[in-house]
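*Asks:* Starting off with a structure, shown below.
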Amino acid sequence: MLALQGATPVALAEAFAISLAEARKIVSAVHRQKDLREPLAEVRRVSLDRVRAGGHVPELTLVREEASQLDPFRKLLFRAAQTGRAGSAVDDGPGELFETVRIPLERAGRFSVCVSSQIGCALACAFCATGRLGLRRNLEIWEIVEQVRWVRRGLRAGERVHGVVFQGMGEPLANLDRVIEAIRVLCDPSAQAIDARAITVCTSGLPSGIRRLARELPKVRLGLSLGSAITEVRRNLMPIDDTFSLDAVLDAAVEHAQTTGLSPMWAMTLLQGINDGEAHAHALADRALDFAKRAGVRPRLSILAYNQIDTEADPFVRTSLDREEQFRETMRQRGVFTHKRYSGGSDVAAACGQLAARM
Ligand code: SF4
C-alpha cells in the first residue's frame, strides 16, 4: 500500500498508471483532506478506484502537545508505527517517539516547522539528546510530510506555515532518499506548496549528501552544525569528525554554495568552557571569512543557547549571556555578524530530542 500523502503527482501517476493531471487532483484532495470515496472532478472513476485499492492515508499518533506559555511555540510528540512502511498496520506495536516543533517567526502568524527525519540518530553528538538514543529507524516520506500537515491543521485563519527546517531528530543526510522525496512533496503546488527557498536541511556534515542536495534540490538551503571550528574540540563533541573532518565538510559546503548561489546557515551551540572562549570565536571567524572568500557568499551564523538535557547526567552547561555576548562581539570585530537564533519555548524543552528523551 502506498501512503498517499508521501507521494508527488509524478510518483502517484507512475504507481497507478493514471494521468499526471489526475494524479495532481488526487494529491491535492489528499493534502486538503477530502474524502477519496467521493467522486473528484476530472478524475475518472477507474483511476480513483485504482488509487483507493492500492493506497491509503495513514496518520501519525499524537502522544503529547506542549504549548509554551512564553510565545506561540509548540512541541508535538508523535508515536510512530513500528516500521512506518506503507501498508504496515499503524497498531503493530508500541512504536517509537519522535518530535516536531512549531517555531513562530518574527512576522506574527507565520511559522516554521522543525521536522524530524529519523527516530534517534547514529551520529552521537555529545551535546545532543537525540544522539543519546542511538538510531532506531529512518522516518518514511509520509511521516516527514505528515509532521508539516499536522502543524498546518492546527493553525488559525490567517496563520500559515512559511518554511520547514530539518533540524529535529536525526541526521537528514543519512536518510537522504526519503528526505529529498519528502521535500518534493512539500514543495509541490498540489501538495503543501511550500517555497523550496524557505526549506533548510541541517546536517552535522556528510559531504556526499551535501553535494547530492545541491544537485537535486538547488533551491534548498544548507545548514551545518559545527560543534566547534577547532578540530580537536569538534572531534570530542562530534564523532563524525573522525570520518569527515571539518575541512572536508566545508569543501563540500563551498561547492554547494557555488552550485546553488545560496549562503549556508552555520549553527553553533555554545557550551560553557568547551567551545565558547575567545580562541573559539577567532577560529570560527577565520573559518567564516575563508568560506566567504572561496564560496562567494557569507555563511549566516546562528549562535544557539544550550538547553540542559537533564541536571545529573548532562556534562554540559549553558554559556552565560555575558559570555555569549562577548563571543558575538569578538566575531563582530572580525567582521563576522551572528544571528541570535530563536530560543523561545525553553519552558517546553526546546532543544532537539529533549522531549522524546524525557519520556
Ligand atoms: S546533532 Fe544531529 S547529527 Fe548530531 S546526534 Fe543530534 S540529531 Fe544526530
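The values are calculated or read from the model by the stated rules, or taken from the named source; none is laboratory data. Remember, predicted model here, so these are calculated numbers, not experimental data. Neighbour counts run over all protein chains shown; Cβ positions are idealised from the backbone, glycine included. With ligands, DNA and RNA removed, areas are computed over all heavy atoms of the protein, side chains included. Shrake-Rupley method; radii C 1.70, N 1.55, O 1.52, S 1.80 Å.
*Asks:* Assess whether Leu70 counts as being within 31 Å of the chain's Cα centre (by Cα), assigned by TED's automatic domain parsing to the domain that holds Asp188 and surrounded by fewer than 17 Cβ atoms within 10 Å (Cβ to Cβ).
*Replies:* yes
*Asks:* Working only within the range 129-144, note down all residues that are more than 12 Å from the ligand (Cβ to nearest atom) and not in a strand (DSSP E or B).
*Replies:* Correct list: Leu139, Glu140, Ile141, Trp142, Glu143, Ile144.
*Asks:* Check the range 154-175 and report whether any residue there is surrounded by 23 or more Cβ atoms within 10 Å (Cβ to Cβ) and over 13 Å from the mean Cα position of the chain (by Cα).
*Replies:* Among the residues of the range 154-175, not one is surrounded by 23 or more Cβ atoms within 10 Å (Cβ to Cβ) and over 13 Å from the mean Cα position of the chain (by Cα), which makes the answer no.
*Asks:* For the range 197-204, indicate whether the set of residues that are closer than 30 Å to Ile274 by Cβ, open to solvent by 10 Å² or more (accessible area, probe 1.4 Å) and either of a type in the set (A, V, I, L, M) or out of contact with any helix residue (DSSP H, G or I) (no Cβ under 9 Å at 6 or more places or on another chain) (or both) is non-empty.
*Replies:* yes
*Asks:* Are there helices (runs of 4 or more DSSP H) fully within the range 7-65 with at least 3 residues that are surrounded by 13 or more Cβ atoms within 10 Å (Cβ to Cβ), outside the structural domain of Trp150 (by TED's automatic domain parsing) and of a type in the set (Lys, Arg)? List them.
*Replies:* none
*Asks:* Sort out which residues of the range 111-128 are more than 12 Å from Phe98 (Cα to Cα), open to solvent by less than 10 Å² (accessible area, probe 1.4 Å) and within 10 Å of the ligand (Cβ to nearest atom), and write them in order of number.
*Replies:* Correct list: empty.
*Asks:* Restricting attention to the range 232-264, which residues are within 14 Å of the ligand (Cβ to nearest atom), under 19 Å from the mean Cα position of the chain (by Cα) and open to solvent by 10 Å² or more (accessible area, probe 1.4 Å)?
*Replies:* Matches in the range 232-264: Ile240 only.
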